[in-house]
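Written below as structure tokens is the structure these notes are about.
The values are calculated or read from the model by the stated rules, or taken from the named source; none is laboratory data. A quick note: this is a predicted structure, and the numbers were derived from the prediction, not measured. All Cβ positions, even for glycine, are placed from backbone atoms using ideal geometry, and neighbour counts span all protein chains on display.
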Amino acid sequence: MVWGKIIYGSWKNGSDIYKDRKGYFIVQWNVKTEKESKKYLASWKPSPSNKKLYFNEKTNKWQSTKPINS
């Protein structure tokens, strides 16, 4: 399942970081319910120099944006 169209970074355990209206989150496997669940990252903010990956639906390929320089 694709959780978001843009990947904002990578978490410590290697999970991709996505964003929705509530904030930034990673997807984790819940052992008790045996389902994927979102874990929100309260204090995480993307670096302005990071490139962001997004899925281009026209070409069906992952592409990256240019870094934002502050």
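Here PRO46 meets each of (1) under 11 Å from the mean Cα position of the chain (by Cα); (2) outside any loop (DSSP other than H, G, I, E, B) with one exception, condition (2). Filtering segment 1-13 to residues that are among the hydrophobic types (A, V, I, L, M, F, W, C) and either under 17 Å from TRP62 (Cα atoms) or at pLDDT 90 or above (or both) leaves MET1, VAL2, TRP3, ILE6, ILE7. Taking every residue in segment 5-17 that is closer than 12 Å to LEU41 by Cβ and pairing it with any residue that is buried (at least 16 other Cβ atoms within 10 Å of the Cβ) and among the hydroxyl-bearing types (Ser, Thr, Tyr), at least 6 positions away or on another chain, the pairs with Cβ-Cβ distances below 8 Å are TYR8/TYR18; TYR8/TYR24; ILE17/TYR8; ILE17/TYR24. Among residues of segment 44-70 being modelled with pLDDT under 80 and hydrophobic (A, V, I, L, M, F, W, C), the one that is nearest to LYS5 (Cα to Cα) is LEU53. Filtering segment 14-43 to residues that are more than 10 Å from the chain's Cα centre (by Cα) and either modelled with pLDDT under 85 or not in a loop (DSSP other than H, G, I, E, B) (or both) leaves GLY23, GLN28, TRP29, ASN30, LYS35, GLU36, SER37, LYS38, LYS39, TYR40.
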